[in-house]
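Notes follow the structure.
The values are calculated or read from the model by the stated rules, or taken from the named source; none is laboratory data. Note that this is a predicted model, so its numbers are computed, not measured. Glycine gets a Cβ as well: all are built from the backbone with ideal geometry, and neighbour counts include every protein chain shown.
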Amino acid sequence: MVASLVLCFLASGAFSLGAFILLRKAEVKLHLLQTLERLDDRLLRVRALEDEKILSRADVDRALDGVRQADALLRSGSHALQEADRAIVPALLLQLGTCDRLLSVVRGAAEVGGRPGALSARDGAELRRAEAEGNRLLEVIIRRERSSLDGILRFAETGPLVLLGLQLVLFVGIILAFAKALVNPIRRFEGYTARIAAGDFSFITPTRRYRDEFSDLAVGVNQMLGELQAQQHRLVKGAKLAVVGTLTSGIAHELNNPLNNVAITTEALMEDLPTLSDKEKWRLLQDIYFETERASEIVKSLLDFTRQEKGEMVAVDLADVLGSTLRLAQNEMNLNNVSFTCQMPPDLPRVRGAANQLRQVFLNLLLNAIQAMPGGGRVWVSAGPQDEGKVCVEIRDEGTGIPAEVLPRIFDPFFTTKEPGQGTGLGLSVSLSIIRTFGGDMQVVSSLGRGTTVHTCLPRADEG
Ligand SMILES: Nc1ncnc2c1ncn2[C@@H]1O[C@H](COP(=O)(O)OP(=O)(O)OP(=O)(O)O)[C@@H](O)[C@H]1O
Ligand SMILES: [Mg+2]
(Lines give C-alpha, C1' and ligand atoms only; values in the text may rest on other atoms or scores of the structure.)
(Ligands and ions follow the chains in the order given, each with its own letter.)
Protein backbone atom coordinates (compact mmCIF):
# COMPACT_ATOMS: atom_id res chain seq x y z
CA MET A 1 0.00 0.00 0.00
CA VAL A 2 2.69 2.49 1.09
CA ALA A 3 4.89 1.49 -1.89
CA SER A 4 2.09 2.11 -4.40
CA LEU A 5 1.31 5.47 -2.78
CA VAL A 6 4.96 6.52 -3.03
CA LEU A 7 4.96 5.34 -6.67
CA CYS A 8 1.80 7.32 -7.37
CA PHE A 9 3.29 10.39 -5.69
CA LEU A 10 6.53 10.12 -7.69
CA ALA A 11 4.59 9.56 -10.94
CA SER A 12 2.43 12.64 -10.44
CA GLY A 13 5.53 14.70 -9.47
CA ALA A 14 7.43 13.52 -12.56
CA PHE A 15 4.38 14.13 -14.71
CA SER A 16 4.01 17.73 -13.43
CA LEU A 17 7.71 18.44 -13.97
CA GLY A 18 7.62 16.90 -17.47
CA ALA A 19 4.53 18.94 -18.39
CA PHE A 20 6.19 22.12 -17.12
CA ILE A 21 9.35 21.54 -19.19
CA LEU A 22 7.30 20.66 -22.26
CA LEU A 23 5.17 23.80 -21.99
CA ARG A 24 8.28 25.98 -21.63
CA LYS A 25 9.67 24.38 -24.78
CA ALA A 26 6.35 24.93 -26.57
CA GLU A 27 6.42 28.61 -25.61
CA VAL A 28 9.89 29.09 -27.14
CA LYS A 29 8.85 27.04 -30.17
CA LEU A 30 5.70 29.13 -30.65
CA HIS A 31 7.67 32.36 -30.52
CA LEU A 32 10.18 31.01 -33.02
CA LEU A 33 7.42 29.71 -35.28
CA GLN A 34 5.66 33.10 -35.34
CA THR A 35 8.92 34.83 -36.29
CA LEU A 36 9.68 32.26 -38.99
CA GLU A 37 6.15 32.53 -40.42
CA ARG A 38 6.45 36.29 -40.48
CA LEU A 39 9.81 36.05 -42.28
CA ASP A 40 8.41 33.49 -44.70
CA ASP A 41 5.61 35.95 -45.58
CA ARG A 42 7.99 38.87 -45.97
CA LEU A 43 10.40 36.94 -48.17
CA LEU A 44 7.52 35.75 -50.33
CA ARG A 45 6.28 39.29 -50.64
CA VAL A 46 9.77 40.63 -51.54
CA ARG A 47 10.08 37.90 -54.19
CA ALA A 48 6.69 38.76 -55.68
CA LEU A 49 7.42 42.49 -55.72
CA GLU A 50 10.87 41.85 -57.17
CA ASP A 51 9.21 39.91 -60.00
CA GLU A 52 6.81 42.79 -60.55
CA LYS A 53 9.76 45.20 -60.23
CA ILE A 54 7.79 47.35 -57.76
CA LEU A 55 9.75 46.63 -54.61
CA SER A 56 9.58 49.51 -52.13
CA ARG A 57 12.13 50.47 -49.54
CA ALA A 58 9.62 49.70 -46.75
CA ASP A 59 9.24 46.11 -48.06
CA VAL A 60 13.00 45.70 -48.13
CA ASP A 61 13.19 47.09 -44.57
CA ARG A 62 10.53 44.68 -43.34
CA ALA A 63 12.22 41.76 -45.09
CA LEU A 64 15.60 42.67 -43.62
CA ASP A 65 14.07 43.14 -40.21
CA GLY A 66 12.43 39.72 -40.47
CA VAL A 67 15.67 38.11 -41.63
CA ARG A 68 17.62 39.52 -38.67
CA GLN A 69 15.00 38.65 -36.08
CA ALA A 70 14.77 35.10 -37.42
CA ASP A 71 18.53 34.79 -37.53
CA ALA A 72 18.90 35.92 -33.90
CA LEU A 73 16.08 33.66 -32.69
CA LEU A 74 17.34 30.63 -34.60
CA ARG A 75 20.79 31.05 -33.08
CA SER A 76 19.46 31.36 -29.52
CA GLY A 77 16.37 29.11 -29.55
CA SER A 78 16.85 26.39 -32.14
CA HIS A 79 17.07 23.85 -29.26
CA ALA A 80 13.26 24.09 -29.09
CA LEU A 81 13.01 22.61 -32.59
CA GLN A 82 12.80 18.94 -33.45
CA GLU A 83 16.04 17.20 -34.29
CA ALA A 84 15.27 17.00 -38.05
CA ASP A 85 14.63 20.75 -38.14
CA ARG A 86 17.68 21.55 -36.06
CA ALA A 87 19.69 19.74 -38.74
CA ILE A 88 18.55 22.16 -41.47
CA VAL A 89 18.97 25.31 -39.36
CA PRO A 90 22.64 25.86 -40.51
CA ALA A 91 21.51 25.73 -44.19
CA LEU A 92 18.72 28.19 -43.45
CA LEU A 93 21.11 30.52 -41.57
CA LEU A 94 23.39 30.41 -44.63
CA GLN A 95 20.54 31.52 -46.88
CA LEU A 96 19.45 34.19 -44.39
CA GLY A 97 23.04 35.49 -44.29
CA THR A 98 23.02 35.84 -48.11
CA CYS A 99 19.63 37.56 -48.01
CA ASP A 100 20.84 39.91 -45.26
CA ARG A 101 23.97 40.82 -47.20
CA LEU A 102 22.26 41.41 -50.54
CA LEU A 103 19.08 43.03 -49.16
CA SER A 104 21.31 45.46 -47.23
CA VAL A 105 22.91 46.47 -50.53
CA VAL A 106 19.46 46.90 -52.13
CA ARG A 107 18.25 49.04 -49.23
CA GLY A 108 21.36 51.19 -49.29
CA ALA A 109 20.86 52.00 -52.98
CA ALA A 110 17.14 51.88 -53.56
CA GLU A 111 15.07 55.01 -53.55
CA VAL A 112 11.65 54.97 -51.93
CA GLY A 113 9.28 53.33 -54.46
CA GLY A 114 12.40 52.48 -56.60
CA ARG A 115 13.62 49.11 -57.78
CA PRO A 116 16.52 46.94 -56.62
CA GLY A 117 18.53 47.95 -59.54
CA ALA A 118 21.65 48.34 -57.32
CA LEU A 119 22.46 44.64 -57.64
CA SER A 120 24.41 43.20 -60.50
CA ALA A 121 22.60 40.53 -62.49
CA ARG A 122 24.66 37.85 -60.70
CA ASP A 123 23.85 39.21 -57.21
CA GLY A 124 20.21 39.66 -58.16
CA ALA A 125 20.05 36.00 -59.20
CA GLU A 126 21.86 34.93 -56.00
CA LEU A 127 19.40 36.93 -53.88
CA ARG A 128 16.43 35.32 -55.59
CA ARG A 129 17.94 31.88 -55.16
CA ALA A 130 18.68 32.56 -51.47
CA GLU A 131 15.14 33.90 -50.93
CA ALA A 132 13.59 30.91 -52.72
CA GLU A 133 15.74 28.40 -50.82
CA GLY A 134 15.03 30.34 -47.58
CA ASN A 135 11.29 30.12 -48.23
CA ARG A 136 11.57 26.42 -48.98
CA LEU A 137 13.52 25.64 -45.81
CA LEU A 138 11.27 27.90 -43.72
CA GLU A 139 8.17 26.10 -44.95
CA VAL A 140 9.65 22.69 -44.17
CA ILE A 141 10.46 23.80 -40.62
CA ILE A 142 7.14 25.60 -40.15
CA ARG A 143 5.09 22.59 -41.34
CA ARG A 144 6.90 20.11 -39.13
CA GLU A 145 7.06 22.34 -36.07
CA ARG A 146 3.42 23.29 -36.32
CA SER A 147 2.35 19.65 -36.20
CA SER A 148 4.76 19.04 -33.27
CA LEU A 149 3.24 22.05 -31.48
CA ASP A 150 -0.25 20.65 -32.13
CA GLY A 151 0.87 17.43 -30.44
CA ILE A 152 2.18 19.32 -27.43
CA LEU A 153 -1.03 21.32 -27.13
CA ARG A 154 -3.13 18.16 -27.36
CA PHE A 155 -1.00 16.65 -24.62
CA ALA A 156 -1.34 19.85 -22.57
CA GLU A 157 -5.09 19.55 -22.93
CA THR A 158 -5.34 15.95 -21.69
CA GLY A 159 -2.40 16.21 -19.25
CA PRO A 160 -4.25 18.03 -16.47
CA LEU A 161 -6.98 15.40 -16.55
CA VAL A 162 -4.42 12.61 -16.16
CA LEU A 163 -2.74 14.59 -13.39
CA LEU A 164 -6.06 15.16 -11.68
CA GLY A 165 -6.77 11.43 -11.83
CA LEU A 166 -3.37 10.61 -10.38
CA GLN A 167 -3.84 13.14 -7.60
CA LEU A 168 -7.29 11.78 -6.89
CA VAL A 169 -5.86 8.26 -6.56
CA LEU A 170 -3.13 9.68 -4.34
CA PHE A 171 -5.64 11.52 -2.19
CA VAL A 172 -7.95 8.51 -1.79
CA GLY A 173 -4.91 6.33 -1.09
CA ILE A 174 -3.66 8.66 1.63
CA ILE A 175 -7.12 8.82 3.21
CA LEU A 176 -7.38 5.01 3.11
CA ALA A 177 -3.88 4.61 4.56
CA PHE A 178 -4.72 7.03 7.36
CA ALA A 179 -8.02 5.31 8.02
CA LYS A 180 -6.28 1.94 8.09
CA ALA A 181 -3.58 3.18 10.43
CA LEU A 182 -6.30 4.46 12.73
CA VAL A 183 -8.91 1.72 12.42
CA ASN A 184 -6.58 -1.30 12.73
CA PRO A 185 -5.40 -0.54 16.27
CA ILE A 186 -8.96 0.35 17.28
CA ARG A 187 -10.14 -3.03 15.94
CA ARG A 188 -7.36 -4.75 17.86
CA PHE A 189 -8.37 -2.94 21.04
CA GLU A 190 -11.97 -3.96 20.40
CA GLY A 191 -10.76 -7.58 20.40
CA TYR A 192 -8.77 -6.97 23.59
CA THR A 193 -11.76 -5.49 25.42
CA ALA A 194 -13.96 -8.41 24.33
CA ARG A 195 -11.29 -10.77 25.64
CA ILE A 196 -11.00 -8.86 28.93
CA ALA A 197 -14.80 -8.79 29.26
CA ALA A 198 -14.75 -12.60 28.84
CA GLY A 199 -12.42 -12.80 31.86
CA ASP A 200 -9.10 -13.31 30.06
CA PHE A 201 -6.71 -10.90 31.76
CA SER A 202 -3.51 -11.99 30.00
CA PHE A 203 -1.33 -9.09 28.84
CA ILE A 204 -1.61 -7.60 25.37
CA THR A 205 1.45 -7.17 23.18
CA PRO A 206 1.81 -3.81 21.44
CA THR A 207 2.43 -4.52 17.73
CA ARG A 208 4.27 -1.25 17.09
CA ARG A 209 7.97 -0.92 17.62
CA TYR A 210 7.84 2.84 18.06
CA ARG A 211 5.96 4.71 20.76
CA ASP A 212 2.67 6.37 19.87
CA GLU A 213 -0.71 6.90 21.49
CA PHE A 214 -1.69 3.26 20.87
CA SER A 215 1.45 1.78 22.37
CA ASP A 216 1.00 4.12 25.38
CA LEU A 217 -2.58 2.87 25.60
CA ALA A 218 -1.37 -0.74 25.43
CA VAL A 219 1.06 -0.06 28.30
CA GLY A 220 -1.78 1.52 30.31
CA VAL A 221 -4.12 -1.39 29.55
CA ASN A 222 -1.40 -3.85 30.61
CA GLN A 223 -1.01 -2.03 33.93
CA MET A 224 -4.76 -2.25 34.40
CA LEU A 225 -4.69 -5.96 33.47
CA GLY A 226 -1.89 -6.56 35.98
CA GLU A 227 -4.04 -4.95 38.66
CA LEU A 228 -7.09 -6.97 37.55
CA GLN A 229 -5.06 -10.20 37.63
CA ALA A 230 -3.93 -9.41 41.18
CA GLN A 231 -7.50 -8.54 42.20
CA GLN A 232 -8.85 -11.70 40.63
CA HIS A 233 -6.20 -13.72 42.39
CA ARG A 234 -7.19 -12.21 45.72
CA LEU A 235 -10.88 -12.80 44.95
CA VAL A 236 -10.34 -16.44 44.00
CA LYS A 237 -8.29 -16.98 47.15
CA GLY A 238 -10.91 -15.23 49.29
CA ALA A 239 -13.70 -17.28 47.76
CA LYS A 240 -11.68 -20.44 48.33
CA LEU A 241 -11.23 -19.66 52.00
CA ALA A 242 -14.96 -18.97 52.24
CA VAL A 243 -15.65 -22.44 50.83
CA VAL A 244 -13.26 -23.97 53.34
CA GLY A 245 -15.19 -22.11 56.05
CA THR A 246 -18.45 -23.65 54.76
CA LEU A 247 -16.87 -27.09 54.80
CA THR A 248 -15.36 -26.77 58.29
CA SER A 249 -18.25 -28.18 60.29
CA GLY A 250 -18.61 -31.13 57.92
CA ILE A 251 -14.89 -31.81 57.94
CA ALA A 252 -14.64 -31.52 61.71
CA HIS A 253 -17.49 -33.96 61.97
CA GLU A 254 -15.92 -36.31 59.43
CA LEU A 255 -12.54 -36.20 61.17
CA ASN A 256 -14.12 -36.74 64.51
CA ASN A 257 -15.72 -40.04 63.46
CA PRO A 258 -12.52 -41.91 62.52
CA LEU A 259 -10.69 -40.40 65.49
CA ASN A 260 -13.45 -41.63 67.82
CA ASN A 261 -13.36 -45.06 66.22
CA VAL A 262 -9.57 -45.19 66.60
CA ALA A 263 -9.85 -44.18 70.27
CA ILE A 264 -12.56 -46.76 71.01
CA THR A 265 -10.78 -49.57 69.15
CA THR A 266 -7.42 -48.76 70.77
CA GLU A 267 -9.05 -48.73 74.20
CA ALA A 268 -10.66 -52.13 73.57
CA LEU A 269 -7.36 -53.47 72.35
CA MET A 270 -5.53 -52.23 75.43
CA GLU A 271 -8.13 -53.57 77.87
CA ASP A 272 -8.57 -56.99 76.30
CA LEU A 273 -5.11 -57.50 74.90
CA PRO A 274 -4.24 -60.60 76.95
CA THR A 275 -7.53 -62.36 76.24
CA LEU A 276 -7.79 -61.62 72.52
CA SER A 277 -6.82 -64.14 69.90
CA ASP A 278 -4.27 -63.15 67.26
CA LYS A 279 -7.02 -63.05 64.65
CA GLU A 280 -9.12 -60.60 66.73
CA LYS A 281 -6.06 -58.44 67.45
CA TRP A 282 -5.34 -58.35 63.68
CA ARG A 283 -8.94 -57.31 62.87
CA LEU A 284 -8.91 -54.48 65.47
CA LEU A 285 -5.53 -53.21 64.24
CA GLN A 286 -6.88 -53.32 60.68
CA ASP A 287 -9.89 -51.19 61.81
CA ILE A 288 -7.53 -48.63 63.33
CA TYR A 289 -5.49 -48.58 60.12
CA PHE A 290 -8.59 -48.01 57.92
CA GLU A 291 -9.89 -45.21 60.18
CA THR A 292 -6.55 -43.38 60.15
CA GLU A 293 -6.43 -43.84 56.36
CA ARG A 294 -9.89 -42.26 56.14
CA ALA A 295 -8.85 -39.32 58.30
CA SER A 296 -5.67 -38.77 56.31
CA GLU A 297 -7.68 -38.91 53.05
CA ILE A 298 -9.88 -36.07 54.29
CA VAL A 299 -6.87 -34.01 55.41
CA LYS A 300 -5.14 -34.71 52.10
CA SER A 301 -8.18 -33.60 50.07
CA LEU A 302 -8.36 -30.42 52.09
CA LEU A 303 -4.64 -29.75 51.66
CA ASP A 304 -4.92 -30.45 47.94
CA PHE A 305 -7.76 -28.00 47.73
CA THR A 306 -6.11 -25.17 49.62
CA ARG A 307 -2.67 -25.68 48.07
CA GLN A 308 -1.57 -22.75 45.95
CA GLU A 309 -1.31 -23.74 42.32
CA LYS A 310 0.56 -21.82 39.65
CA GLY A 311 -2.62 -21.72 37.61
CA GLU A 312 -0.81 -23.00 34.52
CA MET A 313 -3.04 -24.77 32.06
CA VAL A 314 -2.36 -28.47 31.70
CA ALA A 315 -4.29 -31.54 30.59
CA VAL A 316 -6.59 -32.38 33.49
CA ASP A 317 -8.40 -35.65 34.15
CA LEU A 318 -11.97 -34.54 34.90
CA ALA A 319 -12.91 -37.89 36.44
CA ASP A 320 -10.14 -37.43 39.03
CA VAL A 321 -11.12 -33.84 39.74
CA LEU A 322 -14.83 -34.67 40.10
CA GLY A 323 -14.02 -37.73 42.27
CA SER A 324 -11.90 -35.78 44.73
CA THR A 325 -14.39 -32.89 44.81
CA LEU A 326 -17.24 -35.27 45.62
CA ARG A 327 -15.09 -36.71 48.43
CA LEU A 328 -14.56 -33.21 49.82
CA ALA A 329 -18.30 -32.46 49.66
CA GLN A 330 -19.28 -35.87 51.01
CA ASN A 331 -19.33 -34.74 54.67
CA GLU A 332 -21.45 -31.72 53.82
CA MET A 333 -23.86 -34.00 51.95
CA ASN A 334 -24.03 -36.40 54.87
CA LEU A 335 -24.79 -33.56 57.26
CA ASN A 336 -27.55 -32.27 54.99
CA ASN A 337 -29.02 -35.61 54.11
CA VAL A 338 -28.07 -35.33 50.45
CA SER A 339 -26.99 -38.25 48.30
CA PHE A 340 -25.41 -38.16 44.86
CA THR A 341 -25.25 -40.11 41.61
CA CYS A 342 -22.22 -39.80 39.37
CA GLN A 343 -22.12 -40.91 35.73
CA MET A 344 -19.06 -40.65 33.50
CA PRO A 345 -17.79 -42.64 30.52
CA PRO A 346 -14.57 -44.52 31.33
CA ASP A 347 -12.71 -42.83 28.45
CA LEU A 348 -13.65 -39.23 29.35
CA PRO A 349 -11.28 -36.94 27.37
CA ARG A 350 -9.00 -34.68 29.36
CA VAL A 351 -9.63 -30.93 29.44
CA ARG A 352 -7.39 -27.87 29.51
CA GLY A 353 -7.20 -26.23 32.95
CA ALA A 354 -5.72 -26.44 36.42
CA ALA A 355 -6.99 -29.29 38.64
CA ASN A 356 -7.15 -27.31 41.85
CA GLN A 357 -9.08 -24.41 40.35
CA LEU A 358 -11.51 -26.82 38.67
CA ARG A 359 -12.02 -28.51 42.06
CA GLN A 360 -12.90 -25.08 43.46
CA VAL A 361 -15.48 -24.58 40.69
CA PHE A 362 -17.19 -27.95 41.11
CA LEU A 363 -17.15 -27.64 44.90
CA ASN A 364 -18.95 -24.28 44.62
CA LEU A 365 -21.56 -25.89 42.35
CA LEU A 366 -22.02 -28.89 44.67
CA LEU A 367 -22.33 -26.64 47.74
CA ASN A 368 -24.93 -24.48 45.94
CA ALA A 369 -26.87 -27.66 45.06
CA ILE A 370 -26.69 -28.93 48.65
CA GLN A 371 -27.74 -25.53 50.01
CA ALA A 372 -30.69 -25.43 47.60
CA MET A 373 -32.08 -28.62 49.22
CA PRO A 374 -32.47 -27.75 52.92
CA GLY A 375 -34.59 -30.84 53.54
CA GLY A 376 -32.16 -33.15 51.73
CA GLY A 377 -32.36 -34.67 48.27
CA ARG A 378 -30.18 -35.92 45.43
CA VAL A 379 -27.50 -34.41 43.23
CA TRP A 380 -26.74 -35.85 39.79
CA VAL A 381 -23.25 -35.37 38.44
CA SER A 382 -22.47 -36.39 34.87
CA ALA A 383 -19.77 -35.60 32.32
CA GLY A 384 -19.22 -36.38 28.68
CA PRO A 385 -17.66 -35.16 25.43
CA GLN A 386 -19.60 -32.66 23.30
CA ASP A 387 -19.33 -31.32 19.78
CA GLU A 388 -16.78 -28.59 18.94
CA GLY A 389 -14.02 -30.19 20.95
CA LYS A 390 -15.60 -29.60 24.36
CA VAL A 391 -16.17 -31.73 27.42
CA CYS A 392 -19.18 -30.77 29.54
CA VAL A 393 -20.03 -31.45 33.17
CA GLU A 394 -23.64 -31.30 34.32
CA ILE A 395 -24.53 -30.84 38.01
CA ARG A 396 -28.24 -31.13 38.64
CA ASP A 397 -30.20 -30.83 41.89
CA GLU A 398 -33.83 -31.13 42.87
CA GLY A 399 -33.77 -28.03 45.05
CA THR A 400 -35.73 -24.79 45.26
CA GLY A 401 -34.76 -23.56 41.78
CA ILE A 402 -33.96 -19.97 40.89
CA PRO A 403 -36.67 -17.33 40.22
CA ALA A 404 -36.54 -15.92 36.65
CA GLU A 405 -35.83 -12.37 37.92
CA VAL A 406 -32.86 -13.62 39.98
CA LEU A 407 -31.34 -15.83 37.26
CA PRO A 408 -29.62 -13.02 35.26
CA ARG A 409 -27.81 -11.85 38.41
CA ILE A 410 -26.45 -15.03 39.90
CA PHE A 411 -23.02 -14.65 38.23
CA ASP A 412 -22.63 -11.08 39.55
CA PRO A 413 -19.90 -10.77 42.19
CA PHE A 414 -21.31 -10.55 45.73
CA PHE A 415 -24.84 -11.40 44.63
CA THR A 416 -26.42 -13.76 47.13
CA THR A 417 -29.92 -14.65 48.28
CA LYS A 418 -28.58 -16.26 51.40
CA GLU A 419 -28.86 -14.92 54.95
CA PRO A 420 -26.11 -12.49 55.98
CA GLY A 421 -23.04 -14.52 56.97
CA GLN A 422 -24.29 -17.57 55.07
CA GLY A 423 -22.82 -16.76 51.65
CA THR A 424 -20.39 -14.27 50.13
CA GLY A 425 -22.07 -14.30 46.71
CA LEU A 426 -18.68 -14.95 45.12
CA GLY A 427 -19.04 -18.68 44.39
CA LEU A 428 -20.53 -18.46 40.88
CA SER A 429 -18.73 -15.29 39.74
CA VAL A 430 -15.33 -16.70 40.68
CA SER A 431 -16.24 -20.06 39.13
CA LEU A 432 -17.26 -18.44 35.83
CA SER A 433 -14.09 -16.37 35.69
CA ILE A 434 -11.95 -19.49 36.29
CA ILE A 435 -13.80 -21.44 33.59
CA ARG A 436 -13.47 -18.58 31.08
CA THR A 437 -9.74 -18.33 31.77
CA PHE A 438 -9.53 -21.93 30.59
CA GLY A 439 -11.50 -21.07 27.43
CA GLY A 440 -14.78 -22.61 28.64
CA ASP A 441 -18.23 -21.40 29.63
CA MET A 442 -21.05 -22.01 32.11
CA GLN A 443 -24.84 -22.06 31.62
CA VAL A 444 -27.56 -22.37 34.27
CA VAL A 445 -31.03 -23.76 33.60
CA SER A 446 -33.48 -23.64 36.47
CA SER A 447 -37.11 -24.36 37.15
CA LEU A 448 -38.65 -22.89 40.26
CA GLY A 449 -39.52 -25.56 42.81
CA ARG A 450 -38.10 -28.37 40.65
CA GLY A 451 -34.38 -27.85 40.61
CA THR A 452 -31.38 -26.38 38.86
CA THR A 453 -28.85 -27.68 36.33
CA VAL A 454 -25.45 -26.09 35.79
CA HIS A 455 -23.59 -26.96 32.57
CA THR A 456 -19.86 -26.34 32.58
CA CYS A 457 -18.02 -26.84 29.28
CA LEU A 458 -14.25 -26.84 28.81
CA PRO A 459 -12.06 -27.30 25.74
CA ARG A 460 -10.56 -30.76 25.28
CA ALA A 461 -6.87 -30.89 26.05
CA ASP A 462 -6.02 -32.40 22.65
CA GLU A 463 -7.79 -29.60 20.71
CA GLY A 464 -5.72 -26.66 19.23
N1 LIG B 1 -28.23 -24.78 42.59
C2 LIG B 1 -28.83 -23.65 42.94
N3 LIG B 1 -30.13 -23.65 43.29
C4 LIG B 1 -30.75 -22.51 43.63
N5 LIG B 1 -30.16 -21.28 43.67
C6 LIG B 1 -28.87 -21.22 43.33
C7 LIG B 1 -28.14 -22.39 42.94
N8 LIG B 1 -26.89 -21.98 42.64
C9 LIG B 1 -26.86 -20.66 42.84
N10 LIG B 1 -28.02 -20.19 43.25
C11 LIG B 1 -28.37 -18.77 43.51
O12 LIG B 1 -27.33 -17.96 43.07
C13 LIG B 1 -26.84 -17.12 44.10
C14 LIG B 1 -25.35 -16.86 43.90
O15 LIG B 1 -24.62 -18.06 44.08
P16 LIG B 1 -23.12 -17.99 44.51
O17 LIG B 1 -22.62 -19.36 44.59
O18 LIG B 1 -22.42 -17.05 43.62
O19 LIG B 1 -23.15 -17.30 45.91
P20 LIG B 1 -23.71 -17.89 47.25
O21 LIG B 1 -23.88 -19.35 47.12
O22 LIG B 1 -24.92 -17.10 47.62
O23 LIG B 1 -22.54 -17.56 48.24
P24 LIG B 1 -21.20 -18.44 48.44
O25 LIG B 1 -21.05 -19.21 47.20
O26 LIG B 1 -20.15 -17.46 48.67
O27 LIG B 1 -21.50 -19.30 49.60
C28 LIG B 1 -27.18 -17.87 45.36
O29 LIG B 1 -27.30 -16.98 46.46
C30 LIG B 1 -28.50 -18.50 44.97
O31 LIG B 1 -29.57 -17.59 45.12
MG1 LIG C 1 -22.32 -20.58 46.37
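May I ask you to say which residue of E394, E388 is closer than 23 Å to S446 by Cβ and in the same structural domain as V454 (by TED's automatic domain parsing)?
E394
Quick check on the stretch 147-164: of everything there that is farther than 16 Å from S16 by Cβ and of a type in the set (S, T, Y), which residue is farthest from the chain's Cα centre (by Cα)?
Filtering first and then ranking leaves S147.
Consider the stretch 428-452. How many of its residues are at pLDDT 90 or above and either within 17 Å of G401 (Cβ to Cβ) or within 14 Å of ligand 2 (Cβ to nearest atom) (or both)?
14
Since T416 meets every condition but one in (1) within 16 Å of ligand 2 (Cβ to nearest atom); (2) touching a Ser or Thr at 6+ places or on another chain (Cβ under 9 Å); (3) touching a residue at least 40 places away in the same chain (Cβ under 8 Å), which condition does it not meet?
Here T416 clears every test but (3).
To keep it simple, each residue is scored yes or no on (1) more than 9 Å from ligand 1 (Cβ to nearest atom); (2) among the aliphatic types (A, V, I, L, M); (3) surrounded by 20 or more Cβ atoms within 10 Å (Cβ to Cβ).
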| position | (1), (2), (3) |
| --- | --- |
| N368 | no, no, yes |
| G376 | yes, no, no |
| V393 | yes, yes, yes |
| D412 | no, no, no |
| T424 | no, no, yes |
| L428 | no, yes, yes |
| Q443 | yes, no, no |
| T456 | yes, no, yes |
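Surrounded by fewer than 12 Cβ atoms within 10 Å (Cβ to Cβ) and more than 60 Å from the chain's Cα centre (by Cα): which single residue out of E291, E267, E280 fits that description?
Result: E267 is the single residue among E291, E267, E280 that is surrounded by fewer than 12 Cβ atoms within 10 Å (Cβ to Cβ) and more than 60 Å from the chain's Cα centre (by Cα).
With respect to L55, determine if the residue is more than 60 Å from the chain's Cα centre (by Cα), over 26 Å from F155 (Cβ atoms) and in a helix (DSSP H, G or I).
no
Condition check: over 18 Å from E126 (Cα atoms) and in a helix (DSSP H, G or I). Does D71 satisfy that?
The answer is yes for D71.
Quick one: which residue in V183, V169, V162 is touching a helix residue (DSSP H, G or I) at 6+ places or on another chain (Cβ under 6 Å) and either assigned to a helix (DSSP H, G or I) or over 30 Å from G439 (Cβ atoms) (or both)? Please lay out each step first, then the result.
On the way: V183 fails: touching a helix residue (DSSP H, G or I) at 6+ places or on another chain (Cβ under 6 Å); V162 fails: touching a helix residue (DSSP H, G or I) at 6+ places or on another chain (Cβ under 6 Å).
Sole residue among the options that is touching a helix residue (DSSP H, G or I) at 6+ places or on another chain (Cβ under 6 Å) and either assigned to a helix (DSSP H, G or I) or over 30 Å from G439 (Cβ atoms) (or both): V169.
Right, A110: touching a Pro at 6+ places or on another chain (Cβ under 8 Å) and modelled with pLDDT under 85 or not?
yes
Of these, A315, A242, A252, A295, which one is more than 16 Å from ligand 1 (Cβ to nearest atom), closer than 16 Å to N356 by Cα and either outside the structural domain of V361 (by TED's automatic domain parsing) or not in a loop (DSSP other than H, G, I, E, B) (or both)?
On the way: A242 fails: more than 16 Å from ligand 1 (Cβ to nearest atom); A252 fails: closer than 16 Å to N356 by Cα; A295 fails: closer than 16 Å to N356 by Cα.
Only one candidate passes the filter, namely A315.
Which residues, counting only those in the stretch 355-397, are of a type in the set (V, I, T), assigned to a helix (DSSP H, G or I) and under 37 Å from the mean Cα position of the chain (by Cα)?
Answer for the stretch 355-397, where residues must be of a type in the set (V, I, T), assigned to a helix (DSSP H, G or I) and under 37 Å from the mean Cα position of the chain (by Cα): just V361.
Among the residues of the stretch 338-361, is any surrounded by 19 or more Cβ atoms within 10 Å (Cβ to Cβ), farther than 26 Å from D200 by Cβ and within 15 Å of ligand 1 (Cβ to nearest atom)?
yes
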